[in-house]
1. Where only protein heavy atoms count, and the probe is 1.4 Å, what is the accessible area per residue for the chain in Å²?
2. Please report the spacing between the Cα centers of the stretch 630-674 and the stretch 401-426 in Å, no decimals.
3. In degrees between 0 and 90, to the nearest 10, how far off the longest principal axis of the chain does helix 242-257 point, with axes built from Cα atoms?
4. Once both axes come from the Cα atoms, what is the angle between helix 70-80 and the longest principal axis of the chain, in degrees from 0 to 90, rounded to 10?
5. Going highest first, how would you order 236-243, 407-414 by mean Cβ packing within 10 Å?
6. With N set to the residue count of the stretch 721-796, report its C-alpha Rg divided by 2.2 N^0.38 Å to two decimal places.
7. Any chance you could list the semi-axes, whole Å, largest first, of the equivalent ellipsoid that the Cα gyration tensor gives for the stretch 115-239, using √(5λ)?
8. Across all directions of projection, what mean area in square nanometres is found for the Cα convex hull of the stretch 451-552?
Amino acid sequence: MRAEERTIFNVANRQRKLLVGKVNAKARMMDRGVILPDRAAVREFHGLPGRDVLARLLESAARPFLIASDRELSVLRRGLTKQGWKRSLYLQDVPDEPTELMGAGLLSLANQWLKRDIQVPDQAGTFRDFYCEEGYGAGRRWLDHRALSKGCLALAITYQIDRDAENAEKAAEILKAYANAYPADGMFREPEEEAQWLIPLAQSYDLIYRSRALAVGNRETVERKLLNRAALRLVRQPLVGWEQAWLVSAVGIVGCAIRDAGLLHIALAGFADQLTIQVGADGLWPESVHDHHFSVLTAFTTLAEACFRMGVDLYNFEPEPGRRLKSMFLAPIDCAYPSFELPAIDDGRYDAVMPLSLYEVAFRRWQDPVFAWVLKTGYRFAKRPMNKKQSEMGYRFSRSSLYAFLFGRDLPVRVLEPRVESKFLASPGICVLRSDSGTLLTMDCGPARDQRHLAALGITLYGGNRQLVCDYGTPECDSDTSTYYRHTASHNTVMVDGKPHSTGVNPKLVSFFPGNYLQLAQGEAEEVYPGVDHTRRLLLVGDVAIVQDFLRSDSERVYDWLLRCEGELFGLPGEGRSVRADFPFLGPDIKGESGPGRENITHAEIRWADGEAGLLAGFSLDAPGDLITARCPAETTARTVPVVDIRRRAESARYLAVLVPYNGCIPTIERGGKTFKISCGSTTHWIHLADAPGAGPEGHGEMETDASIAAVCEEEGNVSALGLHEGSYINLRGEPLLVTAGKFKRIEARLDSRNPLVEFEGASGGHLTLKCHSRAMRVNGHRISAINLGGMATIRLVGVLAGQ
């Protein structure tokens, strides 16, 4: 398909110019009624109805249908006559925290608007205006316009519930006031914000359409002077990205509200184009896994709901494999922390969580048990939060949203928790390693784009039921501090020469081995700085995270290895002279404070603690360096967290960090040669790294292997898991645990079940012997009989086991 044939809402926006010229030529017709611009250039999609079919469907659609049908509202009305959680929501006071319209306090909000004089403010600015003194008035108007739109919808919904004509009349008053005041350049400077304001007004119009408050003349006025004019203005806007999704939704919603098949046809083509071109095959919006993804999904869901009730099913529309709305609901589950918080990578928010309101719609439309699990688990956090941060955001986990109020039904008593595994999310470029017990480690391998921070190969770590090593996203958009939050110094990566890395860097994931115990991911960023290459290897061994960095340059550089963590810092190493150095790039507008440090260290151990939970970190370097501590901004500049900076001056440098989350028992880290022993309570991990920097103390002889990487887990004195990369055997305390006929690329075994689970790569013959008492194993998904002699089980490897 040629670019010229794409819809006006496609990425290039070329057809927009053709349409705008025709719309402008017909602008004089607007005063005589609703117009239909020429849509000849709109791209057709298989599976979506054409304009003529849309016209028939719109004509036959019974009002209301944009946000709820008459049947759905009738069910809701009957339910509110009985005591229950929906009736309690409806009758309670308006909650303080939310800015969006909620089911909680809906009647109270409508009653507040009944008492208000309706005055339409001048054109609004944007929310960014709140961050500058001269723009505060425009920011205030932005808030007032959104409040009017939200109040109008609250009045319209309560009219449908209580059949109180006064509510319809007040909603109609708001609509007519906007129709008479709507300026040629719109009510908002930003088109996407105008779209978000316009949608509730169109939904309100649909809800009160048949009330006496909207006589025929008033309907024509609202349609011609407000809804159609605003939609045509949005059609002319040359936007791409997540903002475009809101324009698509608003144009489609208005098309439904005024029964304009042409506008709806444009919107559906735009929806299909975005789903085909911009949503990834993994179902994620590439700009982020948090705010932008769910903003787009909210816009799409709003349009899909209206279309579903008129007979157009966007929920199951799939222009290409994987690119569908259901995938957009499923994909964020793969990157969410167990607490349903989301990594604030790039332009995210530190307080971003899974929006349970949207999953009410997902469960209703697909009846998928996974969505029931999301709702039951999420709502449980309101009563039993996993951490302090969750408890401070309790309302986000309460069942009080508008979608829950309108459509929420009793959830299944029992739902199975889905198995969420480690995954590389290609669209945003985020690698996720997760353990069965809830530790989650991410690495940013995303390509360069406008929303991308200068954080190549940056990491986050969740463990002990809380976020520990955090990316704080962009908390104060367009403020004086935004430069800092995009700078390399504000991320958990390596900075060179005190500067941000190059803007065109495209890091890539070169190795990825998810598994049940020993998991590995390796990323590379070539020319991350001019003349500097950076390789970062992550291991997740049970709940132990290991970060290895290899930096190469053709000249001497200053390398700053950065790690910030929640909690207070304890335990500076005793070796090395004391030093107090400035933390790089705090900047004139950033509140920070340099702390104590040590010179000339090759090994160090530091602990962050927050009550009984925290993080123990052990560091190893290939040559002496300086350890610097400081405090730097967290999610806002008003709150700071401790950061560690390990600085090296060299052409090349190697770093290794062992990161052990804990909650209760404080772990210990011991090193013997190339082997690390991590103990916490009754659990011990031995981890061997052949390329670990520094010699370390003499090996303690407990673990022997020829592998480049190997690990063993012992729980209460029994080996429960082991794994290796590029090796053939593992011995522990002089006894063989694993023996093979030759070197394997990878072997992993779980021994905590009756029949061990074994996975391997890189061999097609020979044998494998494992220390266990079983006479059968499940190997690469196949059940295989074993010969067991003296507690050593041996299986013969055949091609089918290796997938050959």
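1. So the chain comes to 39 Å² accessible per residue, rounded to a whole number.
2. Taking the Cα centre of the stretch 401-426 as reference, the centre of the stretch 630-674 is 35 Å away.
3. 30 degrees
4. Orientation of helix 70-80: about 70 degrees from the principal axis.
5. Put in order of decreasing packing, that is 236-243, 407-414.
6. Normalised Cα radius of gyration, the stretch 721-796: 0.97.
7. Square roots of five times the eigenvalues give 26, 17, 11 Å.
8. Result: a mean projected hull area of 7.4 nm².
The values are calculated or read from the model by the stated rules, or taken from the named source; none is laboratory data. Quick caveat: nothing in here was measured; it's all calculated off a predicted structure. Glycine gets a Cβ as well: all are built from the backbone with ideal geometry, and neighbour counts include every protein chain shown. These area figures cover heavy atoms from the full protein model, side chains too; ligands, DNA and RNA do not enter into them. Shrake-Rupley method; radii C 1.70, N 1.55, O 1.52, S 1.80 Å.
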